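Below: the structure, in structure tokens.
Computed from the coordinates by the stated procedures, all read-outs in this text should not be read as laboratory data. These numbers come from a predicted model, not from an experiment. Counting neighbours? That spans all protein chains shown, and the Cβs are built from the backbone with ideal geometry, glycine included.
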Amino acid sequence: MNDLVTGADGVTRCAWAGSDAEYQRYHDEEWGTPLHGDRPLFEKMSLEGFQAGLAWITILRKRPRFREVFHDFEPSVVARFGPDDVERLLQDAGIIRHRGKIEAAIGNAAIVAATGPGELDALMWSFAPASHTPPATFAEVPAVTPESTALSKDLRRRGFRFVGPTTMYALMQSSGMVDDHVAGCWRAA
């Protein structure tokens, strides 16, 4: 895979953005941009968990429906979902219909809802590396780092699920805790 792609708009991006307009928008406006707030980070954690084993573009295309049925990922609302909600969600073709992932999102919401305002944000960002060298090539982009492993272990200790080290590194990339835009990309540091 080439490390960069130049779109029809003449903009050079990380190659994973390809030619799909939604992927390009996500790359240009969201991926690698610092994201703060308990609700946005809970959403990101949930969607990264739903993405496990799938392509991120699948999640992007289903994100509007996810936001609708998960009440914009408001932890206090999602935490109150019960068995009927799980069954309702399992029937919704607009989202990823995986019982374990749905139940994990609900359980994770309960943990977030039980914490004070800003605690999830502070916890997650406390694992951001003190320094990070943006990659020159995709070959330099890791799947897991000591920080993502430590974050995963801490979250699991607290009862969170679907928060493995690879999933947490993807969250770190997408929420701007690290900048993995490759050299030559217009977004690269």
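If packing is taken as the average count of other Cβ atoms within 10 Å, what order do 147-157, 115-125 fall into, highest mean first?
Per-residue Cβ counts within 10 Å, averaged per peptide and sorted highest first, yield 147-157, 115-125.
Go from 0 up to the bin containing the longest alpha carbon distance in the range 67-158, width 10 Å each, and give me the % of pairs per bin.
P(r) for the range 67-158, in whole percents per bin: 14, 35, 28, 20, 3.
Tell me which DSSP H helices of the chain clear both cut-offs, 18 Å or more of axial length from alpha-carbon atoms and a mean Kyte-Doolittle hydropathy of at least -0.5.
Span-like helices, by this rule, are 99-113.
How do the peptides 89-101, 167-179 rank, highest first, by the average count of neighbouring beta carbon atoms within 10 Å per residue?
Listed from highest to lowest mean packing, they are 167-179, 89-101.
Let me check against my output: what whole-number percent is the relative contact order of the chain, with C-alpha pairs under 8 Å and at least 6 apart?
Relative contact order comes out at 29 percent.
Describe numerically, in nm with one decimal, the distance between label points set 7 Å from Cα along Cα→Cβ at A114 and at T149.
2.8 nm
Which value results for Rg/Rh of the chain when Rg is the Cα radius of gyration and Rh the Kirkwood radius based on the inverse mean 1/r?
Taking Rg over the Kirkwood Rh, I get 0.97.
Taking 1 over the mean of 1/r across every pair of different Cα atoms in the range 26-124, what Kirkwood radius in Å do you get?
By the Kirkwood definition, the hydrodynamic radius is 13.8 Å.
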